[in-house]
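The values are calculated or read from the model by the stated rules, or taken from the named source; none is laboratory data. These figures come from a predicted structure and were not determined experimentally. In this analysis, Cβ positions are derived from the backbone assuming ideal geometry, glycine residues included, and neighbour counts consider all displayed protein chains. Note: accessible area is taken over every heavy atom of the protein model, side chains too, but ligands, DNA and RNA are not part of it. Shrake-Rupley method; radii C 1.70, N 1.55, O 1.52, S 1.80 Å.
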Amino acid sequence: RSHNPHSSLNRKLADAESWQDLLETLQQDTKISQKGAAGTMSIVNFSTSLHRLAKHAVRGNYKQNRVAILTDPRTALLIASFAEALVDKKVSFKARGCSNTAWALAKLDLPPPLTAFPRQDKVSLSAAAAEVRRCVMNVALERQQGIPATQTQWVPALSRLAASMLDLTVDFIVEDEANQRSFQMQESAILLWAWATAGRASDEAFRIDSQCMIQQADQHLDDGSDPRDFLKQQHWSNSVWAFATARVYDGHEELLVYLASLLHRYPWFVDSF
C-alpha cells in the first residue's frame with residue numbers, strides 16, 4: 001500500500017500529548033513557515049491541528065495554556081497557512097473540518113465579535129494572513145538584532161484573521177446546498193455553538209443550520225433507525241443555547257417546536273437531559 005504523508009501526519013497530530021508536541025510536529029513535518037504550508041498539509045491536517053490545539057488548551061489551566069498557544073509563532077503561522085490554502089483553493093472545507101475549525105477558533109476565544117470587527121469581503125482574508133506573517137517576521141528580525149520584542153504583537157492581526165476564517169464557515173453552509181446536506185447533527189450543533197460563542201452569528205446561517213439538524217433527524221427516523229443511536233441531548237441543548245445566546249430568532253421557533261415534539265414522543269430523551 002502506498003504511503004500517504006497526510007494520513008501519517010494526522011496520526012502524529014492526533015497522538016501528540018501536548019500542544020507543544022503538536023506544534024513541534026508541525027515544525028518538523030510540514031512547511032508552515034511558507035505560504036499555505038507549501039502544500040504539505042491537507043484540509044484534515046489543518047482542521048485537526050487547530051482542533052487538537054484547542055483540546056489541549058482546555059486541559060489544566062486554560063487561561064495559561066491559551067496565552068501560551070496564541071503567543072507561540074507557530075500557531076500564528078499555522079492559521080495563516082490554513083487561510084492561504086483556503087484562499088488559493090489548495091484545500092477546501094468538508095463538513096467535519098468546517099465544524100472542527102469553527103469549534104477550535106471559538107474555544108480558543110480568538111475571533112472578536114461582529115460588534116468589534118464586522119464581516120470582511122473574502123479578498124481581505126489573504127491580506128489578513130499576510131499581516132500575521134509580517135508581524136511574526138518583525139518579531140524574528142527584532143530578536144536577531146537584539147531588540148526586545150513583544151511576543152504578543154501578532155495576536156491582534158491573528159484575531160482578525162480568525163474572525164474572517166470563522167465567517168468562511170458561515171459562507172460554507174449558506175452558499176451551497178450540497179454542503180448543507182453533508183452535515184451531521186453533531187456538526188451542525190457545533191457550528192451553532194461556535195458562531196454564538198464567538199459573537200459572529202448570521203441569522204441566515206442559523207436558520208439553515210438548524211433546518212439541517214431537523215432534516216437529519218427526520219431522515220434517520222424515516223430510515224427506521226433507533227432514535228437512541230442519534231438523538232443526543234447535547235446537540236439539541238447546545239443549539240437552543242446558541243439561539244438564545246446569539247439572540248437570533250430566524251428559525252428558532254421551528255427548532256423549539258421540533259425539539260418539543262421529540263421530547264413529547266420519547267420520554268427517555270427527556271430523561272437524558
For ARG207, are the conditions met, namely being part of a loop (DSSP other than H, G, I, E, B) and either out of contact with any helix residue (DSSP H, G or I) (no Cβ under 9 Å at 6 or more places or on another chain) or modelled with pLDDT of 95 or more (or both)?
no
Report whether or not GLN186 is of a type in the set (S, T, N, Q) and either over 15 Å from THR101 (Cα atoms) or in a loop (DSSP other than H, G, I, E, B) (or both).
no
Test for SER237: is it loosely packed, with under 14 Cβ neighbours inside 10 Å and either modelled with pLDDT of 95 or more or over 18 Å from LEU191 (Cα atoms) (or both):
no
Scan the stretch 76-84 and give yes if some residue there is more than 23 Å from GLN180 (Cβ to Cβ), open to solvent by 50 Å² or more (accessible area, probe 1.4 Å) and part of a helix (DSSP H, G or I), otherwise no.
no
Pairs needed: first member in the stretch 137-148, in a loop (DSSP other than H, G, I, E, B); second member anywhere, at pLDDT 80 or above and open to solvent by less than 60 Å² (accessible area, probe 1.4 Å); C-beta distance under 8 Å; at least 6 residues apart or different chains.
PRO148/GLU142
Complete set of residues in the stretch 1-18 that are touching a Lys or Arg at 6+ places or on another chain (Cβ under 8 Å) and open to solvent by 30 Å² or more (accessible area, probe 1.4 Å)
ALA14
Report the residue count in the stretch 1-57 for those that are of a type in the set (A, V, I, L, M, F, W, C), closer than 18 Å to ALA162 by Cβ and not in a loop (DSSP other than H, G, I, E, B).
11
Can you say whether THR101 is at pLDDT 95 or above, in contact with a Leu (Cβ under 8 Å, 6 or more places away or on another chain) and either β-branched (Val, Ile, Thr) or part of a loop (DSSP other than H, G, I, E, B) (or both), as far as the supplied structure shows?
yes
If a residue must be in contact with a Phe, Trp or Tyr (Cβ under 6 Å, 6 or more places away or on another chain) and part of a helix (DSSP H, G or I), how many such residues does the stretch 229-261 contain?
5
Could you please find all residues in the stretch 139-173 being at pLDDT 90 or above and not hydrophobic (A, V, I, L, M, F, W, C)?
PRO156, SER159, ARG160, SER164, ASP167, THR169, ASP171
